[in-house]
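Only one structure is covered here, and it is reproduced in the block below.
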Number of protein chains: 2
Amino acid sequence: MKISSLVIEGGVFLRLSSRGHYGLKAMLDLAQNFGEKPIPLRSVAVRQNLSEHYLEQLIAMLKKAALVKSVRGSQGGYILAREPSQLTVGDVFRAMEGPVAPLLCVSEENPVGCDEADYCISRSVWARVRDGIVDVIDSITLEDLCREAKKL
Amino acid sequence: MKISSLVIEGGVFLRLSSRGHYGLKAMLDLAQNFGEKPIPLRSVAVRQNLSEHYLEQLIAMLKKAALVKSVRGSQGGYILAREPSQLTVGDVFRAMEGPVAPLLCVSEENPVGCDEADYCISRSVWARVRDGIVDVIDSITLEDLCREAKKL
DNA sequence: GGATATCATAGCACGCTACTAGGGTATTGT
DNA sequence: ACAATACCCTAGTAGCGTGCTATGATATCC
């Protein structure tokens with residue numbers, strides 16, 4: 001009796017890896033230094049105590065998601081694509097970690113079909129968990145966090 | 001400049017692996033067949049379409065967490081340690097996946113110290129995410145899910 | 001034209017997941 | 001007694017994702 005073909009998930013889908021953590025730190029740094037001039041990655045890396053080279057790769061994901069713009073050359077760097085008040089933690093999370101999906105079949109984006117969907121009870125549980133997470137991350141803007149930071 | 005020593009997280013901490021999914025399915029099966037007699041694992045495996053041998057390992061975790069009791073020998077099997085109304089999804093989740101902790105430093109249990117804790121702004125974000133998840137999983141009992149299942 | 005900065009690709013050690021394999025032990029029904 | 005049933009225990013392993021490092025190319029300003 002081979003059941004190995006029944007595997008539903010091939011990995012891990014709701015998680016916070018260092019990507020999400022570092023990505024938010026970087027975005028927050030850009031938000032705190034938001035202005036006219038682009039901010040070189042090096043200074044972000046130093047302030048946030050991160051590997052500059054690794055950060056390069058991470059910010060590439062943020063650029064791909066159109067959350068930041070880049071300026072090449074000397075005196076170049078990165079700037080937020082929108083104002084801090086128009087960027088949420090959810091935007092950053094999804095850019096770094098993909099869609100919120102405790103389970104593939106309850107992904108907020110392109111949920112994977114499952115032949116048990118009709119009678120799978122636990123599905124509704126993880127869907128509610130997903131909604132709980134989404135509510136939180138979509139309601140917090142970078143501006144909110146900057147304001148919090150100033151209080152410290 | 002070696003920054004590799006700064007790694008904050010060594011893995012992945014908030015996730016739903018197949019363990020959590022399968023574990024909840026098994027517990028739900030036990031709840032639906034809750035009564036006097038123990039339920040053999042084989043029948044759970046067949047009904048839920050899971051590998052029996054793998055299920056053995058998973059249910060060992062549930063037993064360790066005192067969520068189920070076992071009866072050995074012929075006609076033996078497993079029974080819920082408490083009534084379905086006294087068992088929550090959170091109980092099952094924690095037995096299978098460990099404490100809810102999007103980040104080690106905001107684990108609901110033994111949070112790991114972090115030297116940036118005082119001024120780390122993103123911390124509060126993940127703490128709120130954690131609370132959102134906890135609220136959901138601790139408020140749903142197995143009895144609730146059985147009732148939902150009957151409606152289908 | 002060189003210093004500064006972004007961009008692109010490749011590769012790798014490690015740890016975890018999702019199992020499978022193969023046995024052992026306890027209890028029951030006949 | 002004894003076989004059948006069911007729980008119990010330890011190893012091992014393929015595959016995958018993470019968290020980097022390494023190397024170099026390309027663009028732009030002064």
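The values are calculated or read from the model by the stated rules, or taken from the named source; none is laboratory data. Just so we're clear, the structure is a prediction, and the values are computed from it rather than from any experiment. Cβ coordinates were reconstructed from backbone atoms using ideal geometry, including for glycine residues, and neighbour counts include every protein chain displayed. These accessible areas exclude ligands, DNA and RNA; they are computed on the full protein's heavy atoms, side chains included. Shrake-Rupley method; radii C 1.70, N 1.55, O 1.52, S 1.80 Å.
What the table below lists for this structure:
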quantity: Hits in segment A:78-124 (condition: more than 13 Å from chain B (Cβ to nearest Cβ) and of a type outside the set (A, V, I, L, M)); calculated: A:Tyr78, A:Arg82, A:Glu83, A:Ser85, A:Gln86, A:Arg94, A:Pro99, A:Glu108, A:Glu109, A:Asn110, A:Pro111, A:Gly113
quantity: Close pairs (8 angstrom Cβ cut-off, 6 or more residues apart or separate chains): aromatic (Phe, Trp, Tyr) and open to solvent by 10 Å² or more (accessible area, probe 1.4 Å) in segment A:23-41, within 14 Å of DNA strand C (Cβ to nearest atom) and not in a helix (DSSP H, G or I) anywhere; calculated: A:Phe34/A:Ile79; A:Phe34/A:Leu80
quantity: Qualifying residue in segment A:65-76 (condition: in a helix (DSSP H, G or I) and either surrounded by fewer than 13 Cβ atoms within 10 Å (Cβ to Cβ) or touching a residue at least 24 places away in the same chain (Cβ under 8 Å) (or both)); calculated: no
quantity: Unmet requirement for B:Ala45, which otherwise passes all of (1) at pLDDT 90 or above; (2) within 11 Å of DNA strand C (Cβ to nearest atom); (3) under 29 Å from B:Val134 (Cβ atoms); (4) not β-branched (Val, Ile, Thr); calculated: (3)
quantity: Within segment B:110-152, tally of residues that are in a loop (DSSP other than H, G, I, E, B) and small (Gly, Ala, Ser); calculated: 2
quantity: Any hit, segment B:92-110, residues being open to solvent by 50 Å² or more (accessible area, probe 1.4 Å), at pLDDT 85 or above, more than 22 Å from A:Ala127 (Cβ to Cβ) and more than 16 Å from DNA strand D (Cβ to nearest atom); calculated: no
quantity: Every residue from segment A:130-151 that is free of Cβ contacts under 8 Å to residues at least 60 places away in the same chain, more than 17 Å from the chain's Cα centre (by Cα) and open to solvent by less than 70 Å² (accessible area, probe 1.4 Å); calculated: A:Glu148
